[in-house]
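The values are calculated or read from the model by the stated rules, or taken from the named source; none is laboratory data. The structure presented is a predicted model; accordingly, all values stated were derived computationally and were not measured. Here Cβ is always computed from backbone atoms with ideal geometry, including for glycine, and neighbour counts include all displayed protein chains. The protein model used for the area step is the full one, side chains on, heavy atoms only, and it has no ligands, DNA or RNA in it. Shrake-Rupley method; radii C 1.70, N 1.55, O 1.52, S 1.80 Å.
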Amino acid sequence: VIFTPKEEEPQIVVPMVDIFIPYPGASPKEVERKVAIKFEKLIWEIKGMDYVYSISKPGMALIVARFKV
């Protein structure tokens, strides 16, 4: 173990995706209710998903999905 090479801060590639969904003219509540929540549920059905979260803003939703490493 003493002679095993070690790295202080190993670089790990975490597979993830950011999804931007435009909804022009919609309020954040409307974007959340009509877009973000539905897409989150669909994305959770993908095998190997680690976490999914979303941000709703006026006229758009951002969904971040990360797969298990």
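When you scan the stretch 27-37, do you find a residue that is open to solvent by 100 Å² or more (accessible area, probe 1.4 Å) and under 12 Å from the mean Cα position of the chain (by Cα), even just one?
No, because not a single residue in the stretch 27-37 is open to solvent by 100 Å² or more (accessible area, probe 1.4 Å) and under 12 Å from the mean Cα position of the chain (by Cα).
Under the condition of being surrounded by 13 or more Cβ atoms within 10 Å (Cβ to Cβ) and either under 17 Å from V14 (Cβ atoms) or among the small types (G, A, S) (or both), the residues counted in the stretch 38-52 number 3. For the stretch 17-31, name all the residues that are more than 16 Å from V52 (Cβ to Cβ) and among the acidic types (D, E). The one that is more than 16 Å from V52 (Cβ to Cβ) and among the acidic types (D, E): E30. Considering only residues that are assigned to a strand (DSSP E or B) and either polar (S, T, N, Q) or over 10 Å from V17 (Cα atoms) (or both), look in the stretch 53-69 and name the one that is least open to solvent (accessible area, probe 1.4 Å). The residue in question is A61.
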